[in-house]
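Asks: Right, I'll just put the structure down here and ask away after.
Read-outs throughout are calculated quantities, based only on the coordinates presented, and are distinct from any laboratory measurement. Keep in mind that what you see is a predicted model, and the values were worked out from it rather than measured. For neighbour counting, all protein chains shown are included, and Cβ atoms are generated from backbone atoms with ideal geometry for every residue, glycine included.
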Amino acid sequence: MSISIFNEDCLKKLKSMEDNSVDLIVTDPPYGIDYNNNRRGKNGKIKTEDGILNDGKDNVGFLSQVIKECYRVLKDGHHIYWFGRFDALMKQGIEFENHNFIIKNSLIWVKNNHGTGDLLYSYAPKHEIILYAIKRTTKKVKPFKLKKLEDGRTRHNDILEYSKITKKDMVHDHQKPLDLLSFLIKKSSNEGDIVFDPFMGSGQTVIAANKLGRKTIGCELDKEIFETAKERIEESKSE
C-alpha cells in the first residue's frame, strides 16, 4: 500500500488536497493544554517532554481551521476519530458542530495505567476521550459501509480497554497503542481506503493503517519527530 508522509504544517497540506478525497481520519491533535512533562523515562528524555508544537492554550482557532479542512477532504458519510482531553474537547467539540460534522459518540479509552496531570486536588487520569464524528451525507450519497465486520459484530462498546505504551517503548508522549488504532481503522475503513493523520507524531496511525492494507497520508510539523516517525514507518514495513 502507498504511504505519503510530509514534514509540513497540516493546514497547508490539507488546503492542497481535493474535496472528498479521504476515507477516514484518525488523529491525536495538540490538545491546547500547553503540555509539558516533568517525568523522565529510564531511557532518557523524549523530545516531546519539553512541549508539542501548536499546543498553546490559544490553539482553538488553529484547530478550527483544521477541522474545517478535514470536513472538506473527508468523503460524505465517512468518519473521523479525534483524540483529546475532556477540557480541550469541550471547546473543540463545538468547532466540529460549527463545521457541520455529526458527533456520534465520545469513546472512552481506558489506559490501564494513569497518566500525568494536575497533582494537586485532582484524580489521576486513567482514560482519554476519542471524539467520533461523521461527515454529513446527502440523499445522493450513501453513508460509509463496512465490507467486513470487525469481530463479526455491527456494534462494539464505547469503552475501549487497551494498555498504554510503556515509557521505555515511547518515542512520543502522546503515542497511542497500535492495537487501539488498528481497531478504530478496521471499524471505519475498508482495505485499499485512504487513512489520513494530520498530526502524525510517532507515525503510529500510518504504521497501523499500512499493516491493515490501507493507503496512508500523514503530516508532522516537527522536523526531529518527523524523522523519527519516518524511520519507524520504514522499519515497520519489514515486520
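Asks: For all pairs of alpha-carbon atoms in segment 59-114, what percent lies in each bin of width 10 Å, listed from the first bin to the last filled one?
Replies: P(r) for segment 59-114, in whole percents per bin: 21, 54, 21, 5.
Asks: I would also like to ask the following. Extension gain GLN65-ASP169, at 0.36 nm per residue separation less the Cα-Cα distance, in nm? Display every interim value, and only then the final one.
Replies: Numbers: separation 104, 0.36 × 104 = 37.44 nm, distance 3.30 nm.
Contour length minus Cα-Cα distance gives 34.1 nm.
Asks: Another question, then. Provide, as a two-decimal number, the C-alpha radius of gyration of segment 198-239 over 2.2 N^0.38 Å, N being how many residues it has.
Replies: On the way: Rg = 9.6 Å, N = 42, 2.2 N^0.38 = 9.1 Å.
Relative to the 2.2 N^0.38 Å estimate, segment 198-239 comes out at 1.06.
Asks: Additional query: Mean shadow of segment 118-182, computed from the convex hull of its alpha carbons, in nm²?
Replies: Numbers: hull surface 30.6 nm².
So the Cα hull casts an average projection of 7.7 nm².
Asks: So what does the Cα-only Debye profile of segment 81-239 read at q = 0.12 Å⁻¹, as log10 I(q)/I(0), no solvent term?
Replies: The Debye formula, applied to the Cα set alone, gives -0.60.
Asks: Each label point is 7 Å from the Cα along the Cα-to-Cβ direction; what then is the distance between the points at PHE86 and SER238, in nm?
Replies: Inter-label distance under the simple model: 4.6 nm.
Asks: Ratio of alpha-carbon Rg to the 2.2 N^0.38 Å globular estimate for segment 176-219, to two decimals, please.
Replies: 0.98
Asks: A further question on this structure: What's the extension gain from GLU231 to ASN112 if we count 0.36 nm per residue and subtract their Cα-Cα distance? Let's see the in-between values first.
Replies: Details: separation 119, 0.36 × 119 = 42.84 nm, distance 2.85 nm.
In short, 40.0 nm is gained.
Asks: Let me see the pair-distance distribution of segment 138-220: every alpha carbon pair, 10 Å bin width, integer percents in order.
Replies: The calculated distribution, bin by bin, is 16, 42, 33, 8, 1.
Asks: Here's something else I'd like to know. Between LYS147 and ALA124, what is the FRET efficiency for a Förster distance of 30 Å, r being their Cβ-Cβ separation, to the nearest 0.05?
Replies: Approximately 0.15, to the nearest 0.05.
Asks: Are there any chymotrypsin sites (Phe, Trp or Tyr not before Pro) in segment 103-211 that are in a DSSP loop and have at most 11 other Cβ atoms within 10 Å? List them by number.
Replies: Values: sites: TRP109, TYR121, TYR123, TYR132, PHE144, TYR162, PHE183, PHE196, PHE199; in loops: TYR121, TYR123, PHE144, TYR162, PHE199.
Filter output for segment 103-211: TYR121, TYR123.
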